[in-house]
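A quick write-up on the structure given underneath.
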Amino acid sequence: MDTSSPATIQSLDEIILEFYAAGVIKLGQYKLKSGVMSPIYIDLRELIGFPKLLNTAAQLLHNVIRQKSSSISCDVLCGAPYAAVPVCTLVTVAQNIPMVMRRKEVKEYGTKKAVEGPVKDGAKCVIIDDVCTSGLSIMETATDLRKVGLVVEHAVILLDREAGGPFNLQNEGITLHSVMTLSYVCQTLVKSGKLDPKMAKQIEQFMASQAPDPKPQKVVNGNGLSKTWKQQSFSARAEHTSNAVAKHLFQLMDRKKSNLIVAADLTSTEAILNLADAIGPNICAFKIHADIIDGFSEDFVSKLKELSQTHRFLIFEDRKFSDIGSTVARQYGGGVFQIAHWADMVTIQPTPGPAVIEGLKKGQRSGHGIGGALIAEMSSKGALPNKENVAATIQMAHDHPEDIMGYICQSDIDDEPRFVRMTPGVHISEAGDTLGQQYVLPETVIENCADAVIVGRGITEAFKPSEAARMYQTRAFEAYLKRTSQ
Ligand SMILES: O=c1ccn([C@@H]2O[C@H](COP(=O)(O)O)[C@@H](O)[C@H]2O)c(=O)[nH]1
């Protein structure tokens, strides 16, 4: 996403708000081309009623071409019919770049051309479009342009709905560049009070449900060899998983530049909520133990959920479910804590076997699979080592990819990129505690196996928890960047 000049981040936000005021961004229930109902609809055709805004859109699009001029070469433009034709015409006039027009319906008379305008064999044509969902309409345009000899390698759009467009187009040899993403638009509307955080969460869930199915990716390192799971980026791995929570967490870690999960092992609801508010911007997930909290209540849960929406983090209940299926179904879906109603992620002990997962599925409340993290290895001293158990745990995960989002582990136990590895027992002082907890540095666990680090007392007992959270966030994310650049 391009957020630089002339629209700085601030002025891009202002433009988004103007789009909203002009009715270009609509909230409600709208039917998409695919027939799917969407809680948000972006109709850039409305821009033709607002000449100033139309011109701004043209400037934003041209900025992308200008700023990426070292990679995008552009002899001619083509606005994808019909919504993008007016805005493309403005770019043509303002920048003196010729334009061609693709006809959707070829005339039965006259020249019968599918592409009108200055078509030169081998000329580089950049497609301009308003919104991209799956990339299909850009692909249709590219097919016609290629048929007449134009070379299409880039498309520039105003808004990416993040439903697989860039990935699908890349497979067809087209790099997609967008001015903004749907998540950024939602974020801006929430910040300005135009969009209720609850509604934003619904949109986020809708987007996750629309995200593409995992597709095999050609992921190779500098030597042309297949990248191991450790070398792959979170965004690439999001494409590999069919677990909605893992996909969401991978995308969140990538966007927030945080692979820090805090373990908020505090007992007062007030202290927990204050911590969540203070460090929310630095974390991807907030882990609690509901059963150690004094005065756990519905009110506490709703406040924590509100904070999770404001700061965009997942709520992680470290319940370590480990009973027969029927008991687990009740522990998860009912009882004092009603965990299934508020936890995005939960930990699971694999010892009962697959029945524990079936029990959780029975107790679940969300529409998607449970965000189950299987405990493969524990951090405490003397934790029972058993290779057979680890192998069986991996098998359980592989047999339940819709419900298992990843592992709690201490070493590199599996080659499969789709699972998120989370490692507790992380502290910048490796001394450990007096009750068997063992600590390792964030850099070491990321290098060993962790995608996300789980840090408890390193943050909660720090003199300034928010500064400590920032420090762990930076160290863990930099270690991840280093690992993926190898
Ligand atoms: O193997 C495990 C599994 C879970 N935990 C949990 O993580 C945190 C660690 O807290 P620190 O204060 O950073 O020690 C805590 O909630 C444990 O229940 C773990 O430590 N090891």
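A few points about this structure:
- For the stretch 447-464, residues that are within 12 Å of the ligand (Cβ to nearest atom), closer than 13 Å to ASN282 by Cβ and assigned to a loop (DSSP other than H, G, I, E, B) total 1.
- Residues (in a strand (DSSP E or B) and surrounded by fewer than 24 Cβ atoms within 10 Å (Cβ to Cβ)) located in the stretch 232-266: ALA263
Each row is one residue, and each column tells you yes or no for (1) in the same structural domain as THR175 (by TED's automatic domain parsing); (2) modelled with pLDDT under 95; (3) not in a helix (DSSP H, G or I).
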position: PRO118; (1), (2), (3): yes, yes, yes
position: GLY122; (1), (2), (3): yes, yes, yes
position: ILE128; (1), (2), (3): yes, no, yes
position: MET139; (1), (2), (3): yes, yes, no
position: GLU153; (1), (2), (3): yes, yes, yes
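- Given (1) within 15 Å of the ligand (Cβ to nearest atom); (2) within 19 Å of PRO424 (Cα to Cα), number of the condition ALA271 does not satisfy: (2)
- Per the listing ARG146, ARG161, ARG102, the residue uniquely basic (Lys, Arg) and in contact (Cβ under 8 Å) with a residue 60 or more places away in the chain is ARG161.
- When GLU467 is tested against the conditions (1) more than 16 Å from the ligand (Cβ to nearest atom); (2) part of a strand (DSSP E or B), the lone failure is (2).
- Residues considered: ASP403, ASP399. Of these, the only one that is more than 12 Å from the ligand (Cβ to nearest atom), farther than 21 Å from ASP254 by Cβ and surrounded by 14 or more Cβ atoms within 10 Å (Cβ to Cβ) is ASP403.
- Candidates ILE283, ILE357, ILE293, filtered to the one that is assigned by TED's automatic domain parsing to the domain that holds PRO465, within 16 Å of the ligand (Cβ to nearest atom) and farther than 25 Å from ALA479 by Cα: ILE293
- Flag if PHE316 is on the phi < 0 side of the Ramachandran plot, among the aromatic types (Phe, Trp, Tyr), crowded, with 17+ Cβ neighbours inside 10 Å and in a strand (DSSP E or B): yes
- Considering the conditions (1) under 30 Å from MET199 (Cα atoms); (2) touching a residue at least 24 places away in the same chain (Cβ under 8 Å), ASP43 is excluded by exactly one of them, (2).
- Flag if PRO417 is more than 18 Å from VAL346 (Cβ to Cβ) and either away from the ligand (no atom under 12 Å from the Cβ) or among the charged types (D, E, K, R) (or both): yes
- Answer from THR327, THR423 - the residue that is among the hydroxyl-bearing types (Ser, Thr, Tyr), surrounded by 21 or more Cβ atoms within 10 Å (Cβ to Cβ) and more than 19 Å from THR241 (Cα to Cα): THR423
- Residue that is farthest from the ligand (Cβ to nearest atom), among those in the stretch 431-441 that are hydrophobic (A, V, I, L, M, F, W, C) and farther than 23 Å from ARG483 by Cβ: ALA431
- ALA383 of a type in the set (A, V, I, L, M, F, W, C), away from the ligand (no atom under 16 Å from the Cβ) and over 30 Å from LEU307 (Cα atoms): no
- Of all residues in the stretch 319-336, those that are within 16 Å of the ligand (Cβ to nearest atom) and over 16 Å from ALA376 (Cα atoms) total 0.
- Count - residues of the stretch 252-270 that are under 25 Å from ARG475 (Cα atoms) and without any contact (Cβ under 8 Å) to a residue 24 or more places away in the chain: 1
- Residue check for VAL87: touching a strand residue (DSSP E or B) at 6+ places or on another chain (Cβ under 6 Å) and surrounded by 17 or more Cβ atoms within 10 Å (Cβ to Cβ): no
- Selection status of THR444, part of a helix (DSSP H, G or I), over 20 Å from LEU314 (Cα atoms) and more than 11 Å from the ligand (Cβ to nearest atom): yes
The values are calculated or read from the model by the stated rules, or taken from the named source; none is laboratory data. Note that the structure is predicted; figures quoted are calculated from it, not measured. FYI the Cβ positions are ideal-geometry reconstructions off the backbone, even for glycines, and counts take in every protein chain you see.
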